[in-house]
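*Asks:* Would you mind keeping the following structure in view while I ask a few things?
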Amino acid sequence: MTRIHFSAVAAAAVLASTPAAWAQTEIQWWHAMGGTLGEVVNALADGFNKSQSEFKVTPVYKGSYTDTLTAAIAAFRAKQPPHIVQVFEVGTANMMAAKGAVYPVYQLMADAKEPFDPKAYIGPVYGYYSTTDGKLLSMPFNSSTPVLYRNKEMMKKAGLDPEKPPTTWPELGEMAKKAVAAGAKCGFTPQWQGWTMIENFGAWHNLPYATKENGFGGIDIELKFNSPAHVKHIQTLGEWSKDKTFVYGGRDGKSNALFAGGECAFTIGSSANSATNDKALGKANVGISMMPYWPDVIAKPQNSIIGGATLWVLKGKPAAEYKGVAKFLSYLAGPAVQAKWHQETGYVPITLAAAEITEKAGFYKTNPGRDVAVKELTLNPPTVNSKGLRIGNFVQIRDVVDEELEGVWSGKKDAKTALDDAVKRGNELVKRFEAANK
């Protein structure tokens, strides 16, 4: 009896001493980060959970970016939304149009009385997800930009200096041809071809993607990515495909496997592939530099635009729970957390303080090229053509662009016909979005 009495007293004491553990408020975070990145996401949530006892963030992997967005929309309609959902940049206009569904981050932080300084964020990252008057709608999280990766060993075999990357497209073409002649299965392959070869190509050369400041000035827009410069670029790649100077490796990020597998000498892909490429080829064998440009289009490159995703807060939860959401977003944006995220993944640090911490720690000296992404984004003050894209039905438009570019790579279409058709089909999707959101 004494033992039982002691156990009861001990249990009561434990319960009395840890009320927070039993009163934790759960915050649901739906995301699209699988594999290694998913492990890092889980670690971020765990770090926050250990930093306080009032709230518990539960990360839930929902599949691809498109799957995650679709699931969140369905959950909101069923009145069972998560608190936070990760949405890729092409879903921005659609999220902005989801009236009544979104709790803007600037408003959330003000309501929760959570310290928030817009000037702490890197300009191009903050600007992409803000209103025209500078109010942040969603919290930047995994932001990336395209960079040029090179396989140094393959360059050596081709008689090229591995420390001198191409800076222009004619130089890249020449080096890629030499790599193929020296035995490479592929000279150059791009990832996320719509993002790299059309959207960022335009920003890098200060060319419009669409009217009205690429959609920042309104939803009644017309697509413009069939300019003579765009056509020449795509036509050149089509010609390069005949001798494997250019090889198409599939949609989205699939072609990175060609580079990481040692088949292609060069690739333009997300800065977030840095860690993956280093692991596959060896850090000393991977070079990172700025994207090439066409000198007959622009004297010097303008600036790149971001990809990746942000965290959107959805309405429909009890007011008290949003205090935890605000605290978690503050935690994620903290300099130490952001610096670690940037260094472990290759995503851009979203705050100036995180970039400074990384620089002072000597990270860029021991990891050459990992600062290229930030340099590209901040190369020049953004213009109306290079601050980003805010296009309705953008996910579907990207699918159209993929289809039309594939017609060029297969030899079924010339570049002008393909881009004209992509713009025509894309404009129909734009008009649909405009009609649905008047």
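Read-outs throughout are calculated quantities, based only on the coordinates presented, and are distinct from any laboratory measurement. No experiment lies behind these values; they were computed from the predicted model shown. Every residue, glycine among them, receives a Cβ derived from its backbone with ideal geometry; neighbour counts consider all protein chains shown.
*Asks:* Where the only charges are on Cβ atoms (+1 Lys, Arg; -1 Asp, Glu), what is the dipole of the range 93-214 about its Cα centre, to the nearest 20 debye?
*Replies:* Once rounded to the nearest 20, the dipole reads 420 debye.
*Asks:* What translational diffusion coefficient, to the nearest whole µm²/s, does the chain have by Stokes-Einstein, given a Kirkwood radius computed over alpha-carbon pairs, a temperature of 20 °C and 1.002 mPa s viscosity?
*Replies:* 93
*Asks:* For the range 68-125, what number results from the quotient of the Cα radius of gyration and 2.2 N^0.38 Å?
*Replies:* Here the Cα radius of gyration is 1.28 times the empirical estimate.
*Asks:* Separation of the range 153-200 and the range 327-362 by C-alpha centroid, Å?
*Replies:* After rounding, the separation between the Cα centres reads 31 Å.
*Asks:* Subtracting the Cα-Cα distance from 0.36 nm times the residue separation, let me have the gained length for Ala435 to Lys212 in nm, one decimal.
*Replies:* 78.6 nm
*Asks:* Return the whole-Å distance between the Cα centroid of the range 217-246 and the Cα centroid of the range 255-314.
*Replies:* Here the answer is 19 Å between Cα centres.
*Asks:* Could you pull out the pairs from Lys340/Lys365; Lys99/Lys135; Lys178/Lys416; Lys254/Lys387 whose alpha carbons sit more than 18 Å apart here?
*Replies:* Lys178/Lys416; Lys254/Lys387
*Asks:* Checking a compactness column here: for the range 267-362, what do you get for Rg(Cα) / (2.2 N^0.38 Å), N being the number of residues?
*Replies:* 1.43
*Asks:* At most 14 other Cβ atoms within 10 Å plus a DSSP loop assignment makes a site exposed; report the longest stretch of the chain without any exposed GluC sites (Glu not before Pro).
*Replies:* No qualifying site falls inside 223-438, the longest such stretch.
*Asks:* Taking 51 Å as R0, compute the FRET efficiency from the Cβ-Cβ separation of Thr167 and Asn427 and round it to 0.05.
*Replies:* Computed FRET efficiency for Thr167 and Asn427: 0.90.
*Asks:* Read phi for every residue in the range 99-107 and hand back ³J(HN,Hα) as whole Hz from Karplus 6.51 cos²θ - 1.76 cosθ + 1.60, θ = phi - 60°, with x for Gly and Pro.
*Replies:* 4, x, 9, 9, 9, x, 4, 4, 6
*Asks:* What percent does the relative contact order of the range 31-167 come to when contacts are Cα pairs within less than 8 Å and at least six residues apart?
*Replies:* The normalised contact order for the range 31-167 reaches 14 percent.
*Asks:* Which Cα, out of Asn303, Pro146, Ala98, lies furthest along the positive dipole direction of the chain (beta carbon charges, K/R +1, D/E -1)?
*Replies:* The one lying farthest along the dipole's positive direction is Ala98.
*Asks:* Please state the charge dipole magnitude for the chain, taken about the Cα centre, from unit charges on C-beta atoms (+1 on K and R, -1 on D and E), reported in debye and rounded to the nearest 20.
*Replies:* Charge dipole, the chain, about its Cα centre: 440 debye, nearest 20.
*Asks:* Let me ask something else about it. Could you calculate the FRET efficiency of Glu222 with Lys50 from 1/(1 + (r/R0)^6), where r is the beta carbon distance between them and R0 is 60 Å, rounded to 0.05?
*Replies:* Taking R0 as 60 Å, the efficiency between Glu222 and Lys50 is 0.75.
*Asks:* Tabulate in residue order the Karplus-calculated ³J(HN,Hα) for the range 209-222, using 6.51 cos²θ - 1.76 cosθ + 1.60 with θ = phi - 60°, rounded to whole Hz; enter x for Gly and Pro.
*Replies:* Computed from phi, the couplings for the range 209-222 are 8, 7, 6, 6, 6, 6, x, 5, x, x, 8, 8, 10, 10 Hz.
*Asks:* Starting from the Cα of Lys232, step 7 Å along the direction of its Cβ; do the same at Gln80; then give the gap between the two resulting points in nm.
*Replies:* The two pseudo-label positions are separated by 5.6 nm.
*Asks:* OK, next. Under a point spin-label approximation (7 Å from Cα along Cα-to-Cβ), what is the Asn42-Lys157 distance to one decimal in nm?
*Replies:* Taking the simple label geometry, Asn42 and Lys157 are separated by 3.7 nm.
*Asks:* Now a separate question. Give me the one-decimal nm value for the distance between modelled label points at Thr25 and Gln107, 7 Å along each residue's Cα-to-Cβ direction.
*Replies:* Between Thr25 and Gln107, the simple spin-label model gives 1.8 nm.
*Asks:* Ile27's amide H: which non-local residues (gap 5+, or another chain) put their own amide H closer than 5 Å, with H modeled 1.01 Å from N in plane and none for Pro or chain starts?
*Replies:* Residues meeting the criterion, in which the H sits 1.01 Å from N, are Lys56, Val57, Thr58.
*Asks:* Another question, if that's okay. Quick one: angle between helix 335-345 and the longest Cα principal axis of the chain, in degrees between 0 and 90, rounded to 10, please.
*Replies:* 50
*Asks:* Taking θ as phi - 60°, what are the ³J(HN,Hα) couplings along the range 248-255 by the Karplus curve (6.51, -1.76, 1.60), each to the nearest whole Hz, with x for Gly and Pro?
*Replies:* 7, x, x, 6, 6, x, 4, 5
*Asks:* Further, regarding this structure: Pull up all non-local amide H partners of Met291: gap of 5 or more, or a different chain, and H-to-H distance under 5 Å with H placed in the peptide plane.
*Replies:* So Met291 has HN proximity to Leu148.
*Asks:* Is it possible to state the helix-based mean residue ellipticity at 222 nm for the chain, with each DSSP H run of 4+ residues giving -39500 (n - 2.57), the sum divided by total residues, to the nearest 500 deg cm²/dmol? What is it?
*Replies:* Mean residue ellipticity at 222 nm (helix-derived): -13500 deg cm²/dmol.
*Asks:* Next question, about the same structure. Report the extension gain between Ala97 and Asp117 in nm, rounded to one decimal, defined as 0.36 nm multiplied by the number of residues separating them, less their alpha carbon distance.
*Replies:* 4.7 nm is the gain from fully extending Ala97 to Asp117.
*Asks:* Give the long-range amide H neighbours of Gly253: residues separated by 5 or more places, or on another chain, with amide H under 5 Å away, using H modelled in the peptide plane at 1.01 Å from N.
*Replies:* It is Trp192, by chain and number.
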